[in-house]
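Read through the structure below, which is laid out as structure tokens, and then see the notes.
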């Protein structure tokens, strides 16, 4: 009896355990219900988001429509015309109103896309024939096409700088008259003479202030000292400036900024200099040869591009180490004394405190120096692969894009003038049958 009762209890316990185990397993196997995503509420407010609202002609904008923080398919209208999808290329200048619509939802607020026109001007020279010794003509290109032949090709001409003011473009240079060079500038296609040709003149740059006053900077040959023409009237730059070379000029408000260097760069160590309204400021100390080559001003901050030798006067070899100064504080482009930084013909541009510099660079890994753009002192990109002679000569900023003018020699050894937009070739300005070189670039962004 005791044995049978024990067996019964044992059997009953096993059944009960199995039941509990089955119940537990069954409970755990009940699938969890996933939360169902909530659809955007009908009659909700559409919100239109544009990938950009400040663009240039022929740029594309992508539109996203949201409701309650979630994307939704909706129709997008540009100036009350429905577009095919959520992307649109704006081909013409103007202000465009964009809105999203969908049945049973509230229309989005209007977004305004502002579309600007970019005009790119490049100054330079081109030989009249395939012979590199032939007469050079002063040229001006606009948006990839020849705008003006500034000289007729009967005497040697050169251009050195370009400036814009309102709807006018100014180019400065020289033209031969007998055995001398006459300084002049062109306003659009009209020449204005600065010197009479009794002595050769050297000019370096041009600037136009907010009033439309025209400033040209150059250097007298005997003795070497800067000369500033304001509306064709010559002025001395400073009271004691013999043995000085002027290289560039910029205007800001009522202030004039001129840069250059003392003495001859090839002889004794020269000093990079800035003249601010005739006040001479030394940017280098003269222990190593230095130059100031270009200048620009933004929001009362003065930026000067230049270089300094990596070794002193008695040091053999050495390279020019490129740099720029912001209000006298220096930023080096490359500290490696074995790396060549060529800034003759290089340029500086600033937008919203971001500094762009163009020039040439060579670390010995390419046959030729490579045109390079730096951003805030760091190499940003190169413009060619260095397989032929090439250089970046001038730089400008238009909107969010950086434009550089330079040249690259073709298989015939002829330099071809080119324009790059950021790191991509935008177009070539010359065909390569004759030697051609750029001297400046200016970009106008307008509506």
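The values are calculated or read from the model by the stated rules, or taken from the named source; none is laboratory data. In this text the structure is predicted, and so the values were computed from the model without any measurement. All Cβ positions, even for glycine, are placed from backbone atoms using ideal geometry, and neighbour counts span all protein chains on display.
Given the structure, is residue 353 within 22 Å of residue 326 (Cβ to Cβ), out of contact with any strand residue (DSSP E or B) (no Cβ under 6 Å at 6 or more places or on another chain) and either outside the structural domain of residue 300 (by TED's automatic domain parsing) or in contact (Cβ under 8 Å) with a residue 40 or more places away in the chain (or both)?
The answer is yes for residue 353.
Applying the selection to the range 251-271, what residues are modelled with pLDDT of 95 or more and surrounded by 24 or more Cβ atoms within 10 Å (Cβ to Cβ)?
The answer is 258, 259.
With the range 322-373 as the region, which strands (runs of 3 or more DSSP E) entirely inside it contain at least 1 residues that are surrounded by fewer than 14 Cβ atoms within 10 Å (Cβ to Cβ)?
Correct list: 329-332, 354-362.
Across the range 138-156, what is the number of residues that are part of a strand (DSSP E or B) and either over 22 Å from residue 247 (Cα atoms) or in contact with a helix residue (DSSP H, G or I) (Cβ under 6 Å, 6 or more places away or on another chain) (or both)?
Result for the range 138-156: 7.
Of the residues in the range 207-229, how many are assigned to a loop (DSSP other than H, G, I, E, B) and closer than 23 Å to residue 261 by Cα? Before the answer, list the steps.
First, pick out the residues of the range 207-229 that are assigned to a loop (DSSP other than H, G, I, E, B): 209-213, 222-223.
Those left that are additionally closer than 23 Å to residue 261 by Cα: 222-223.
Total meeting the criteria: 2.
Confirm whether residue 204 is over 20 Å from residue 405 (Cα atoms) and either part of a strand (DSSP E or B) or in the same structural domain as residue 259 (by TED's automatic domain parsing) (or both).
no
Restricting to the range 204-227, what's the tally of residues that are modelled with pLDDT of 95 or more, under 20 Å from residue 280 (Cα atoms) and more than 25 Å from the chain's Cα centre (by Cα)? Before you say what the answer is, go through the steps one by one.
Within the range 204-227, the subset modelled with pLDDT of 95 or more is 204-217.
Restricting the remaining residues to those that are under 20 Å from residue 280 (Cα atoms) gives 204-207, 215-217.
Restricting the remaining residues to those that are more than 25 Å from the chain's Cα centre (by Cα) gives none.
The qualifying residues number 0.
Residues of the range 128-142 being within 28 Å of the chain's Cα centre (by Cα) and crowded, with 21+ Cβ neighbours inside 10 Å, which ones? Explain how you work it out, then say what you get.
Step one: of the range 128-142, the residues within 28 Å of the chain's Cα centre (by Cα) are 137-142.
137, 138, 139, 140, 141, listed by residue number.
May I ask you to list pairs of residues, at least six apart or on different chains, whose Cβ atoms are under 7 Å apart, with the first in the range 311-339 being on the phi > 0 side of the Ramachandran plot and the second being modelled with pLDDT of 75 or more and not in a loop (DSSP other than H, G, I, E, B)?
Cβ pairs passing all conditions: 318/309; 327/301; 327/302.
Can you pull out the residues in the range 230-244 that are buried (at least 19 other Cβ atoms within 10 Å of the Cβ) and in contact (Cβ under 8 Å) with a residue 40 or more places away in the chain? Please lay out each step first, then the result.
Narrowing the range 230-244 to residues buried (at least 19 other Cβ atoms within 10 Å of the Cβ): 237, 241, 244.
Selection gives 237 alone.
Looking at 406, 399 in this structure, which one is at positive phi and either touching a helix residue (DSSP H, G or I) at 6+ places or on another chain (Cβ under 8 Å) or in the same structural domain as residue 128 (by TED's automatic domain parsing) (or both)?
Of 406, 399, the one residue that is at positive phi and either touching a helix residue (DSSP H, G or I) at 6+ places or on another chain (Cβ under 8 Å) or in the same structural domain as residue 128 (by TED's automatic domain parsing) (or both) is 399.
For the range 157-195, name all the residues that are assigned to a loop (DSSP other than H, G, I, E, B), closer than 23 Å to residue 129 by Cα and touching a residue at least 24 places away in the same chain (Cβ under 8 Å). Spell out the reasoning first.
Filtering the range 157-195 for residues assigned to a loop (DSSP other than H, G, I, E, B) gives 166-167, 178-179, 188-189, 194-195.
Now restrict to residues that are closer than 23 Å to residue 129 by Cα: 178-179, 189.
189, the sole residue that qualifies.
Just one of the numbered conditions (1) part of a strand (DSSP E or B); (2) within 30 Å of residue 443 (Cβ to Cβ) is not true of residue 92; which one?
Among (1) part of a strand (DSSP E or B); (2) within 30 Å of residue 443 (Cβ to Cβ), the lone unmet condition for residue 92 is (1).
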